[in-house]
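Undergrad: Dumping the structure here so I can ask a few things about it.
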Amino acid sequence: MVNLQQRKVSRGPRLVWLFFGGYAVLFTYLAIAPFDRVIWFTENLPIVLLMAFIAWLHRRHVFSPLSYLAMSVLVVLHTIGAHFTFANVPFAWVTALFDFERNHFDRLAHFSVGFYAYPIAELLMKKRLVNSSLILLLFPFLAILGVAALYEVFEWQFALLADPEAGLAVLGSQGDVWDAQKDITADTLGALFAICVYGAVNWREIIQIKGTSGAMAPPGIPHS
């Protein structure tokens with residue numbers, strides 16, 4: 001009989017091939033005749049760097065299926081947005097359905113940024129990097145919040161330094177003066193959602209953490 005742990009290990013490479021292989025196919029297809037090559041390059045650069053970091057991290061940790069699913073959403077949405085520009089992604093049916101004044105595809109992508117709180121929490125748990133359930137759930141949330149703010153600074157600086165048309169396309173405000181704040185809010189809500197899902201799925205492991213000053217008990221060994 002095949003051991004359950006062996007099945008889990010053997011499943012890892014297939015998930016990795018699907019995650020990275022699927023991205024490579026999507027990236028290649030959407031690299032053909034984008035709306036604007038400069039915008040395409042600028043929007044894709046953070047995702048390419050992110051994928052490279054995940055590939056490096058994979059040498060040390062194989063994520064769960066839910067983590068790979070969570071990470072793939074942003075990758076897909078952002079790659080699509082880079083091809084069309086976020087303001088021009090075919091999303092009119094949603095805009096019309098909810099009577100929006102702008103294309104909110106970018107907000108959906110920002111919401112998916114928060115999904116990375118799930119794999120961050122998983123990594124902290126599996127590598128025993130925290131000894132507090134509060135930190136386990138709070139750190140990924142704050143990490144996403146920090147990354148969201150830094151990305152808005154990047155967009156702002158690019159808009160100031162680049163060609164005006166390309167800068168406005170990357171900034172993606174579509175005339176909304178509160179765009180940066182709303183983007184960060186979407187990132188934050190996505191992180192909150194991801195943390196809630198992580199807590200619901202992994203509550204048995206989470207309650208094994210003693211507290212702010214204790215250490216995590218090995219699986220299957222109760223605390224005294």
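The values are calculated or read from the model by the stated rules, or taken from the named source; none is laboratory data. Note that the coordinates shown come from a computational prediction; the quantities given were computed from them, not determined experimentally. Cβ atoms come from the backbone with ideal geometry, glycine included; neighbour counts cover every protein chain shown.
Undergrad: Does A149 satisfy the criteria of being at pLDDT below 90 and part of a helix (DSSP H, G or I)?
TA: When the stated conditions are applied, A149 does not pass them.
Undergrad: Those residues that are in contact with a Gly (Cβ under 8 Å, 6 or more places away or on another chain) and either of a type outside the set (V, I, T) or buried (at least 19 other Cβ atoms within 10 Å of the Cβ) (or both), I need them from region 60-87; list them, please.
TA: Selection gives S72, T85, F86, A87.
Undergrad: Give me the pairs, please: first residue somewhere in region 81-100 and under 20 Å from E43 (Cβ atoms) and assigned to a helix (DSSP H, G or I), second residue anywhere and at pLDDT 85 or above and among the aromatic types (F, W, Y), beta-carbon distance under 6 Å, and either six or more positions apart or on two chains.
TA: Short answer, once both residue conditions are applied: A82/W40; F84/F35; F86/F105.
Undergrad: Which condition number does R59 fail, the rest of (1) at pLDDT below 95; (2) touching a Ser or Thr at 6+ places or on another chain (Cβ under 9 Å); (3) under 24 Å from G21 (Cα atoms) being met?
TA: (2)
Undergrad: Quick one: would you say T42 is free of Cβ contacts under 8 Å to residues at least 12 places away in the same chain, part of a helix (DSSP H, G or I) and of a type in the set (V, I, T)?
TA: No: the conditions fail for T42.
Undergrad: Which of (1) under 19 Å from H104 (Cα atoms); (2) in contact with a His (Cβ under 8 Å, 6 or more places away or on another chain); (3) at pLDDT below 95 does K210 not meet, given it meets every other one?
TA: With (1) under 19 Å from H104 (Cα atoms); (2) in contact with a His (Cβ under 8 Å, 6 or more places away or on another chain); (3) at pLDDT below 95 applied to K210, the lone miss is (1).
Undergrad: Also, I was wondering about something else. Kindly list, by first and then second residue, each pair from a residue in region 130-155 that is closer than 18 Å to A200 by Cβ to a residue that is crowded, with 18+ Cβ neighbours inside 10 Å and β-branched (V, I, T), limited to pairs with Cβ atoms under 6 Å and residues at least 6 apart or on different chains.
TA: Cβ pairs passing all conditions: S133/I209; L136/V130; L137/I195; P140/I120; F141/I195.
Undergrad: Would a scan of region 179-198 turn up a residue that is assigned to a loop (DSSP other than H, G, I, E, B), out of contact with any Gly (no Cβ under 9 Å at 6 or more places or on another chain) and either modelled with pLDDT under 95 or surrounded by fewer than 18 Cβ atoms within 10 Å (Cβ to Cβ) (or both)?
TA: No, every residue in region 179-198 fails to be assigned to a loop (DSSP other than H, G, I, E, B), out of contact with any Gly (no Cβ under 9 Å at 6 or more places or on another chain) and either modelled with pLDDT under 95 or surrounded by fewer than 18 Cβ atoms within 10 Å (Cβ to Cβ) (or both).
Undergrad: Would you say L124 is in contact (Cβ under 8 Å) with a residue 40 or more places away in the chain and outside any loop (DSSP other than H, G, I, E, B)?
TA: no
Undergrad: Take the conditions small (G, A, S) and not in a helix (DSSP H, G or I) and apply them to A33. Does it pass?
TA: Against the criterion (small (G, A, S) and not in a helix (DSSP H, G or I)), A33 qualifies.
Undergrad: Looking only at region 88-125, which residues are of a type outside the set (A, V, I, L, M, F, W, C) and crowded, with 19+ Cβ neighbours inside 10 Å?
TA: Result: N103, H104, D106, R107, H110, S112, G114, Y116, Y118, P119, E122.
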